[in-house]
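*Asks:* Take a look at the following structure, please.
Quick note: the coordinates plus some simple rules give every number you see, no bench work behind them. None of the values given here were measured: they were computed from a predicted structure. Reconstructed Cβ throughout: ideal geometry from the backbone, glycine too, with neighbour counts over all protein chains shown.
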Amino acid sequence: MTRTDEPAGRPPPALVDRVRSRLAAAGGEPTSAAVAEAVRAEAGGVASDLDVLAALHVLRQEFVGAGPLDQLLRDPRTTDVLVSGPDAVWVDRGRGLQRADVRFPDEAAVRRLAQRLALSAGRRLDDASPYVDGWLSDAGVRLHAVLPPVAADGTCLSLRVLRPAAHDLTALQKLGTVDAEGEALLRAVVAARLAFLVSGGTGSGKTTLLTALLSSVEPDERIITVEDAEELRPRHPHVVRLVARPVNIEGAGGVGLRDLVRQALRMRPDRLVVGEVRGAEVCDLLTALNTGHDGGAGTVHANSAREVPARLEALAALGGLSRAALHSQLGAAVQVVLHMRRRSEGGRVLEGVGTLVHSGADVAVRPVWTRSGGWTEARSLLADLLTGRGTAVPW
């Protein structure tokens with residue numbers, strides 16, 4: 001598809017190269033105005049108006065924003081934009097990956113965009129450091145890029161759009177994520193101040209559900225969230241948000257999740273929340289939940305609720321916590337697991353609810369409710385947890 005605001009044809013390569021050299025020599029941020037000025041200066045009255053417009057369009061895409069990917073990132077439905085070649089651009093708008101009508105002139109253009117975005121994220125991307133994982137905070141985009149020859153077929157660029165989730169539980173019921181009975185159960189879990197983890201795969205709606213649950217917390221409670229990338233924005237009057245900071249180009253200045261969890265504990269939290277448990281910070285979170293901080297929460301990547309203990313084992317090992325110690329801490333710290341699933345036909349749903357029970361020296365997740373099978377005989381375990389905290393059972 002050709003956009004009507006784009007000039008037809010390709011500009012003279014010599015003109016484009018001269019403008020690139022001028023901008024590189026000038027240094028600083030190549031804003032739209034700077035690009036336009038450089039094009040006019042290098043054209044020098046020799047190139048036609050159409051050539052100047054074409055050069056301006058190409059170079060603005062190359063030096064400003066995300067270039068030709070901007071139109072995809074601006075779409076409110078977009079969750080991911082993936083580039084695996086000049087003519088292989090893919091976009092996910094909530095219904096799986098689809099080929100986009102976007103093309104790059106050549107492999108060099110993809111590489112230049114990847115390197116510029118890495119620089120914007122304060123990271124280095126070159127032959128000596130051929131891959132990068134960063135965060136474009138101004139655009140709300142998580143960046144990952146790999147250069148050849150590590151990426152055998154050419155530069156690969158992955159952009160994940162992180163839009164702050166703002167749904168509450170009532171909205172999720174209207175969307176079909178939960179039914180009325182499920183909404184009542186979730187409200188009871190929050191009211192009882194049970195500690196819970198939201199599990200699921202990438203893009204399954206974990207953060208959306210966590211945001212909705214936090215929005216239902218009593219307004220006189222203080223919520224402190226710790227995140228790697230800013231996503232949680234619950235509708236609550238007293239939220240303090242701490243966001244990790246990656247290292248700079250020199251490899252210094254980073255502030256990790258584990259540091260932030262420790263700082264959060266000194267900030268008088270009523271609810272301590274880790275947006276995504278993905279490393280050694282699980283040790284500090286479990287310690288906090290075992291020392292009087294009821295009602296804490298977090299999300300964790302897992303293919304099913306049953307796999308959550310094994311997933312946490314692997315993460316705890318990064319923090320030097322043994323398997324036995326992890327299970328001991330987990331069994332005392334967390335009561336409920338809520339598992340989310342992304343449906344192939346679109347939409348995210350609560351797939352299951354489980355409680356953590358001791359199985360010998362280990363802790364296992366026992367299903368209480370599943371979308372396919374409904375309630376199980378373990379429902380009484382959840383009922384005991386709720387009534388033990390003075391909360392009425394919602395069924």
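*Asks:* Which Cα, out of V274, A378, L326, lies furthest along the positive dipole direction of the chain (beta carbon charges, K/R +1, D/E -1)?
*Replies:* A378
*Asks:* Computed FRET efficiency, Cβ-Cβ of E377 and A325, R0 30 Å: what is it to the nearest 0.05?
*Replies:* 0.45
*Asks:* Using the Karplus curve 6.51 cos²θ - 1.76 cosθ + 1.60 with θ = phi - 60°, work out ³J(HN,Hα) for each residue of region 239-253 in order, rounded to whole Hz, and write x for Gly and Pro.
*Replies:* 10, 10, 10, 10, 10, 5, 10, x, 5, 7, 4, 7, x, 10, x
*Asks:* Further, regarding this structure: Measuring from centroid to centroid over Cα atoms, what is the spacing of region 280-312 and region 342-369 in Å?
*Replies:* Their Cα centres are 14 Å away from one another.
*Asks:* Still on this model: Multiply the residue separation of Y131 and R268 by 0.36 nm, subtract the distance between their alpha-carbon atoms, and state the gained length in nm to one decimal.
*Replies:* On the way: separation 137, 0.36 × 137 = 49.32 nm, distance 3.91 nm.
Extra length from Y131 to R268 when fully extended: 45.4 nm.
*Asks:* Place +1 on the Cβ of every Lys and Arg and -1 on the Cβ of every Asp and Glu in the chain, take the dipole about the Cα centre, and give the residue among L186, P105, C283 whose Cα lies farthest towards its positive end.
*Replies:* L186
*Asks:* If I take R0 = 41 Å and measure r between the Cβ atoms of E250 and A108 in this structure, what FRET efficiency does the formula 1/(1 + (r/R0)^6) give, to the nearest 0.05?
*Replies:* Calculated transfer efficiency: 0.90.
*Asks:* Could you give the spread of the C-alpha atoms of the chain along their three principal axes, from largest to smallest, in whole angstroms?
*Replies:* 82, 42, 42
*Asks:* Between A288, A152, A109, which gets the highest mean-square fluctuation from a Gaussian network model of the chain, Cα cutoff 10 Å?
*Replies:* Among A288, A152, A109, the largest GNM mean-square fluctuation belongs to A152.
*Asks:* Next question, about the same structure. Determine, at each q value in 0.11, 0.12, 0.15, 0.22 (inverse angstroms), the log₁₀ of I(q)/I(0) that the Debye formula gives when each Cα of region 65-162 is one equal point scatterer.
*Replies:* Computed log10 I(q)/I(0) values: -0.27, -0.33, -0.52, -1.14.
*Asks:* Next question. Given Cβ point charges of +1 (Lys, Arg) and -1 (Asp, Glu) and nothing else, what value in debye, to the nearest 20, does the dipole of region 290-395 about its Cα centre take?
*Replies:* Charge dipole, region 290-395, about its Cα centre: 300 debye, nearest 20.
*Asks:* Taking Cα centroids, how far is region 146-196 from region 218-240 in Å?
*Replies:* Value for the Cα centre distance between the two parts: 16 Å.
*Asks:* Which one, A392, G205, S21, projects farthest toward the positive side of the charge dipole computed for the chain from Cβ point charges (K/R +1, D/E -1)?
*Replies:* Most positive-ward Cα: A392.
*Asks:* Which value at 222 nm does the chain reach when only helices count, each DSSP H run of 4 or more adding -39,500 (n - 2.57), with the total divided by all residues and rounded to the nearest 500 deg cm²/dmol?
*Replies:* -10500 deg cm²/dmol
*Asks:* Can you list the residues, at least 5 places off or on another chain, whose amide H is less than 5 Å from the amide H of V255, using H built in the peptide plane?
*Replies:* Residues meeting the criterion, in which the H sits 1.01 Å from N, are R245.
*Asks:* Further question: Can you tell me the dipole magnitude for the chain around its Cα centre, using point charges on the Cβ only (Lys, Arg +1; Asp, Glu -1), in Debye to the nearest 20?
*Replies:* I would put it at about 520 debye.
*Asks:* Mind giving me the nanometre distance, one decimal, between the label points for D384 and T287, set 7 Å out from Cα along Cα→Cβ?
*Replies:* 3.1
*Asks:* Residues with beta-carbon under 15 Å from that of V132, excluding V132: net charge, scoring Lys, Arg +1 and Asp, Glu -1?
*Replies:* +3
*Asks:* Let me ask you something else. Find, among the GluC sites (Glu not before Pro) in region 305-395, those assigned to loop by DSSP (not H, G, I, E, B) with at most 12 other beta-carbon atoms within 10 angstrom.
*Replies:* Working: sites: E307, E313, E345, E351, E377; in loops: E345, E377.
Filter output for region 305-395: E345, E377.
*Asks:* Compute the FRET efficiency between L318 and L97 as 1/(1 + (r/R0)^6), taking r as their Cβ-Cβ distance and R0 = 25 Å, and round to the nearest 0.05.
*Replies:* Plugging the Cβ-Cβ distance into 1/(1 + (r/R0)^6) gives 0.20.
*Asks:* By the gyration tensor of its Cα atoms, with a ≥ b ≥ c the square roots of the eigenvalues, what is the shape of region 317-395: rounded for a/c under 1.5, prolate for a/b over b/c, or oblate? The partial results should precede the final answer.
*Replies:* Working: a/c = 2.25, a/b = 1.25, b/c = 1.81.
Oblate, since a/c reaches 1.5 and b/c is not below a/b.
*Asks:* If you project the alpha carbons of region 169-388 onto their three principal axes, what span does each projection cover, largest first, in Å?
*Replies:* Computed over the Cα atoms, the extents are 53, 40, 37 Å.
*Asks:* How much net charge surrounds I249 when only the other residues with a Cβ under 15 Å from the Cβ of I249 are counted, with Lys and Arg +1 and Asp and Glu -1?
*Replies:* Result for the local shell: +1.
*Asks:* Looking at region 288-395, which trypsin sites (Lys or Arg not before Pro) are in a loop (DSSP not H, G, I, E or B) and have at most 16 other Cβ atoms within 10 Å?
*Replies:* The qualifying sites are R343, R371, R389.
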